[in-house]
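The structure appears below as structure tokens.
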Amino acid sequence: MMKPSASTQQNGPDENRLIVDVCRLHFIEELPKSEIAERMGISRFKVADLIRYGRDRGVVRIEISDPSSSVRDLENRLRDKYSLERVAVSGLTPTTDLSLVGVAAADLLLDELRDGSLLGIGWGASVFHVINSLQTRSGLPTVDVVQLAGGVDGVSLPLNAIGLAAEASKVFRGRLYSLHAPAFVENQATADALREEGFLRRTFHMFALIDVAVVGIGGWKAGTSSLRQASALAPSSAKRLRDADVTADILMHFTDANGSVITGGPTVMGPTVEEFTAIRLRVAVAAGIEKKDAILSGLRSGLVNALVTDAATASALLSQD
């Protein structure tokens, strides 16, 4: 924005007043030089000279506001504060817009993926918006996709892991390694037996080869966990988690407010904590002030090492001690 400042000391009062008036008409009211000349009773050449004087002598200051610089600042500060590998923050909006967060996450993924990369896909609304944004892109690399979680009763197909992984494989024109199994099974012996089944063994083998994983973070206490809303857990498992002060769920793993992974929870059909944290880049896509505590728990846990969120949530995370 351009605006006249106080008059300079190098001209008489009348000349300084004329410079200010001409600059105001030109830069603020956006009048053409010819109209200013007619209004002020001077020549167009005089108007041009006065405008040049205004610039040269500091009567006019030029200020450029770059909204993206504040976003970059948030990203840099979040990366430093939480020792993250990558951070992306969607632009400033009055309320959380998951579609814009999905766009930011899609941009981040495309910076990381190449032909032949292997992408792990979680589940939930935030991951849905990432895939939705990717569907509008062209010239994408050819990427194989691994489903990272079994199916969850009570969660609609578009948000369920199998649906999202299938859509991602279509977008990237790659092979799909699906996980046709429930998200939770009765005990570890059942899980171990299923891991050895031919149609699942290949998918479990691919966990160790994944380059990038994208997952959501469920806010257990804030009521923003799709897993909790679906009532997919057995009552006994849900009680054990509540007793352990569960704050967040990430790919069926549960963390408390301090970021400790809760043990003794349900038996999960998916990557173990060790298998998941061995993936080079583990991107959490989560936004909304109500999810701040859950995101903070996820960042403290070390389960994820990259974050995509919105500006308001980023600011809230930075204000956290």
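Helix 67-82 and the longest principal axis of the Cα set of the chain meet at an angle near 40°.
Here the contact order of the chain, divided by its residue count and restricted to Cα pairs under 8 Å and six or more residues apart, works out to 18 percent. A straight Cα-to-Cα reach below 30 Å connects K291 with the lysines K81, K221, K239, residues fewer than 8 places away in its own chain not being considered.
When the charge dipole of segment 68-318 is built from unit charges on Cβ atoms (+1 for Lys and Arg, -1 for Asp and Glu) and taken about the Cα centre, the candidate among V268, S315, A234 whose Cα reaches farthest toward its positive end is S315. The peptide list 203-210, 118-125, put in order of mean Cβ contacts within 10 Å with the highest first, becomes 118-125, 203-210.
Once both labels are positioned 7 Å from their Cα atoms along Cα-to-Cβ, the gap between A257 and D321 label points is 1.2 nm. Taking a Cβ cut-off of under 14 Å around T203, the surrounding Lys, Arg, Asp and Glu residues balance to a net charge of 0, with basic ones at +1 and acidic ones at -1. The lysines within cross-link reach of K46, meaning a Cα-to-Cα straight distance under 24 Å and a gap of 8 or more places when in the same chain, are K3, K33.
What does the extension gain come out to for D97 and E29, with contour length at 0.36 nm per residue minus their alpha carbon separation?
20.9 nm is the gain from fully extending D97 to E29.
Helix 292-301 and the longest principal axis of the Cα set of the chain meet at an angle near 60°. On the basis of the beta-carbon distance and an R0 of 45 Å, R77 and K239 show a calculated FRET efficiency of 0.70.
Values in this text are rule-based calculations from the coordinates and carry no lab data. Predicted model, so just to flag it, every value in this text is computed and none were measured. Quick reminder, even Gly has a Cβ in these numbers, built from the backbone with ideal geometry, and neighbours come from all protein chains shown.
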